[in-house]
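Notes follow the structure.
The values are calculated or read from the model by the stated rules, or taken from the named source; none is laboratory data. Owing to the predicted nature of the structure, the values given are computational and were not obtained by experimental measurement. Glycine gets a Cβ as well: all are built from the backbone with ideal geometry, and neighbour counts include every protein chain shown.
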Amino acid sequence: MTLVIGLTGSIASGKSTVSLMFDDFQIPVIDADKLAREVVEPGEKAYFDIINTFGEDILRDDKTLDRKKLGSIVFQDKEKLQQLNNIVHPAVRERMIQQRDAYIEQGVPAVVLDIPLLFESKLTHYVDKTLVVYVDEDVQLKRLMERDGFTEEEAKNRINAQIPVKEKANMADAVIDNNGTKFASFQQLEQILRRWQVI
Ligand SMILES: CC(C)(COP(=O)(O)OP(=O)(O)OC[C@H]1O[C@@H](n2cnc3c(N)ncnc32)[C@H](O)[C@@H]1O)[C@@H](O)C(=O)NCCC(=O)NCCS
Ligand SMILES: Nc1ncnc2c1ncn2[C@@H]1O[C@H](COP(=O)(O)OP(=O)(O)OP(=O)(O)O)[C@@H](O)[C@H]1O
């Protein structure tokens with residue numbers, strides 16, 4: 001039996017940081033952000049749908065998507081964000097399910113679906129257990145501004161496009177408190193995986 005773990009959090013709460021730690025336990029990770037980048041590469045259906053909806057202005061000189069520009073449009077306009085989600089999400093889900101099922105078929109003990117919008121998009125039925133990477137809001141804001149060079153307003157727009165991470169923590173089967181060091185988070189992950197009997 002394969003345990004399917006849904007890993008989530010809020011923007012810059014530390015999902016990617018924790019997702020790398022699964023490597024130490026030989027547990028594979030399927031990354032929704034990565035798939036969302038693949039499905040909008042030039043030539044893909046979602047790429048053309050995005051140009052039809054948002055215009056050629058959101059392309060860079062080399063015809064790839066200008067993600068910063070598209071982000072600054074959709075994160076200040078809920079309707080436009082919804083339009084983008086409607087284009088990108090179906091293609092991401094299809095690839096995610098295909099990959100999840102291939103791992104289940106191989107009989108691995110556990111597989112992780114790293115999905116930022118696991119709760120927002122009501123995808124919890126894709127997984128057996130939910131794991132939330134939590135940080136306090138002030139730490140989240142600081143790490144986001146530092147990592148992406150956003151102003152406070154830009155960072156808050158992105159944070160506000162998701163359910164507050166505190167609420168997600170309340171809905172989760174397990175929570176990693178990522179306010180401390182990365183090593184402290186690693187130790188919490190190890191304990192959770194032992195409790196779930198996958199290591
Ligand atoms: C708007 C886009 C082009 C901005 O790209 P950018 O490279 O700056 O950010 P990236 O994709 O790496 O996402 C960073 C983080 O932003 C947050 N985020 C991304 N998309 C969304 C969204 N639709 N709603 C809320 N938060 C989001 C997530 O926490 C994600 O981890 C891009 O995020 C996108 O195409 N989003 C729509 C697809 C989507 O929902 N992806 C998330 C997982 S399926
Ligand atoms: N415990 C920690 N201590 C210090 N810095 C951390 C810690 N965890 C994560 N960070 C840093 O905070 C930033 C956000 O972390 P990360 O990129 O893992 O978040 P994320 O949830 O994957 O973000 P996104 O939703 O944008 O994909 C990164 O710069 C990362 O190096």
Would a scan of region 47-60 turn up a residue that is touching a residue at least 12 places away in the same chain (Cβ under 8 Å), of a type in the set (Lys, Arg) and exposed (fewer than 14 other Cβ atoms within 10 Å of the Cβ)? no
Tell me, yes or no, whether region 31-43 has at least one residue that is within 9 Å of ligand 1 (Cβ to nearest atom), touching a Phe, Trp or Tyr at 6+ places or on another chain (Cβ under 7 Å) and more than 20 Å from Ala102 (Cβ to Cβ). yes
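Residue by residue, here is whether (1) under 18 Å from the mean Cα position of the chain (by Cα); (2) farther than 27 Å from Glu190 by Cβ holds:
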position	(1), (2)
Asp62	no, yes
Gln82	yes, yes
Asn85	yes, yes
Gly107	no, no
Which listed residue is surrounded by 14 or more Cβ atoms within 10 Å (Cβ to Cβ) and under 27 Å from Lys156 (Cα atoms), from Leu3, Leu84: Leu84
Scanning region 168-185 for residues that are more than 14 Å from ligand 2 (Cβ to nearest atom), among the small types (Gly, Ala, Ser) and under 19 Å from Ile11 (Cβ atoms) gives Ala172
Kindly check whether there is at least one residue in region 6-15 that is buried (at least 17 other Cβ atoms within 10 Å of the Cβ), in a helix (DSSP H, G or I) and within 13 Å of ligand 2 (Cβ to nearest atom). yes
Checked Glu154, Glu105, Glu120 against criteria (surrounded by fewer than 19 Cβ atoms within 10 Å (Cβ to Cβ), within 26 Å of Glu38 (Cα to Cα) and touching a residue at least 60 places away in the same chain (Cβ under 8 Å)); the one match is Glu154
Please go through region 1-19 and pick out each residue that is away from ligand 1 (no atom under 14 Å from the Cβ), modelled with pLDDT of 95 or more and of a type in the set (A, V, I, L, M). Leu3, Val4, Ile5
Residue ID - nearest to ligand 1 (Cβ to nearest atom), chosen from residues in region 152-199 that are of a type in the set (Gly, Ala, Ser) and either in a helix (DSSP H, G or I) or touching a helix residue (DSSP H, G or I) at 6+ places or on another chain (Cβ under 8 Å) (or both): Ala161
